[in-house]
Amino acid sequence: MPELPEVETMRRIVERELTGRRLEAVDLRLPKLLRDSPIPTLDPLIGESILGARRRAKVLVTDWTGGFSTMAHFMLAGQLAVLGPGEARSVAGHPTPNPEGPYPHKATHLIYRFDQDTTLYHSDIRQFGWVRLLPTDDVTAALEAFNFGPEGVGPAAISVAELGERLARRRIPVKQALLDQGVVAGLGNIYVDEALHRAHIHPARPANSLASEELRLLHDSIGWALERGIEQGGAKIVHQRAHPRDGFPQVHAREGEPCPTCGAAIVKTRVGGRGTYFCPVCQPPG
């Protein structure tokens, strides 16, 4: 994480809390966060205001006045927190820093201070994420360079036919194929596990072995998992253990707990080098 639901939650926070806000100061505490940026400093944003926010896959794009945009990828452990006047706060992404604790945290590497006593904190305890500043006119080409596949949910969501075509060319495990952003944009470890469980597909099945009905179920399950994640503002995983809300996530980070469908103990394994959770009864191999 953060995956599509977490980044979509960040987008909604920025749009709701920061649209129209004017930037008064910026504090970049980890220079390597601003890497491969066409504009090597964030100082041009001072005095500019946020126009809105959008998302492609797991990339958050914030549009500013002055013809500027920022692109941010939060990778494995990024978090966005907006603190407003009084006790107002909105937080999304990784659970560190503690969303209810003090800011800035030692993992906070970028601080935007806006008018009306509003501050955005960008934290990343693993330091794998990045931010780039570029002209708004260049955003489309920059996103196209990633070669993302169709979105997993929303108006531009992948179709059953597209999903089948993309998986049919791959002999690797279906879990590994779905983590490829060129197959379905925005999917990550949490939501792939959830989608495969709901579709009753073993994560190590070859991607090109799925029958047409399995593809239909998987397609529906991808949308279901992402929508559930968006509804709750992202899944809450702390120290590799799930803290479910309304029973979600159902299997990810819930090793040894009963499967909500059949009651069998959820198993953890590794597929494509990633920790993977599944039900051995609901998701039989082969």
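A few notes on this one:
- For the range 10-132, the equivalent ellipsoid derived from the alpha-carbon gyration tensor has semi-axes of 19, 18, 14 Å in decreasing order.
- For residue 89 and residue 212, a Förster radius of 45 Å and the Cβ-Cβ distance give a FRET efficiency of 0.45, rounded to the nearest 0.05.
- Between the alpha-carbon centres of the range 95-145 and the range 1-64 there is a gap of 6 Å.
- Cut-off 15 Å between beta-carbons: net charge of the residues surrounding residue 237, Lys and Arg +1, Asp and Glu -1: +2
- Shape of the range 159-206, Cα gyration tensor, a/c cut at 1.5: rounded
- Options 167, 68, 83, ranked by Cα towards positive dipole end of the chain, top entry (Cβ charges): 167
- Net length available on complete extension from residue 12 to residue 65 is 17.2 nm, with 0.36 nm assigned per residue and the Cα-Cα distance removed.
- Taking only the Cα atoms of the range 204-265, the radius of gyration and Dmax are 13.6, 37 Å.
- Taking each DSSP H run with n ≥ 4 as -39500 (n - 2.57) and averaging over every residue of the chain yields -7000 deg cm²/dmol at 222 nm.
- Theoretical gain in end-to-end length, residue 169 to residue 262 [0.36 nm per residue, Cα-Cα removed]: 30.2 nm
- Cα-based Lys proximity count in the chain, under 26 Å, for pairs eight or more positions apart or on separate chains: 10
- Charge sum, other residues only, whose C-beta stays under 9 Å from residue 208's C-beta, Lys/Arg counted +1 and Asp/Glu -1: +3
- Label point at residue 26 placed 7 Å out along Cα→Cβ; residues across the range 66-104 whose backbone nitrogen lies under 16 Å: 66-73
- Convex hull volume per residue, computed on the Cα atoms of the chain, equals 123 Å³.
- For the range 1-106, the dipole from Cβ point charges (+1 on Lys and Arg, -1 on Asp and Glu) about the Cα centre works out to 200 debye, to the nearest 20.
- Farthest towards the positive end of the charge dipole of the chain, among the residues 223, 244, 4, is the Cα of 244, using unit charges on the Cβ of Lys, Arg, Asp and Glu.
- Placing unit charges on the Cβ atoms only, positive for Lys and Arg and negative for Asp and Glu, gives the chain a dipole magnitude near 880 debye about its Cα centre.
- Mean Cβ neighbour count within 10 Å, used as a protection proxy, ranking 160-166, 143-149, 83-89, 118-124 highest first: 118-124, 160-166, 143-149, 83-89
- Viscosity 0.890 mPa s, temperature 25 °C, Stokes-Einstein D of the range 160-278 from Kirkwood C-alpha radius, µm²/s: 172 µm²/s
- Of the residues 218, 178, 28, the one that moves most in a GNM of the chain with alpha-carbon contacts below 10 Å is 28.
Each reported figure results from applying straightforward, stated rules to the coordinates on display, with no laboratory input. Everything numeric in this text was worked out from a predicted model, so none of it was measured. Note that we place each Cβ from the backbone using ideal geometry, even for glycine, and neighbour counts take in every protein chain shown.
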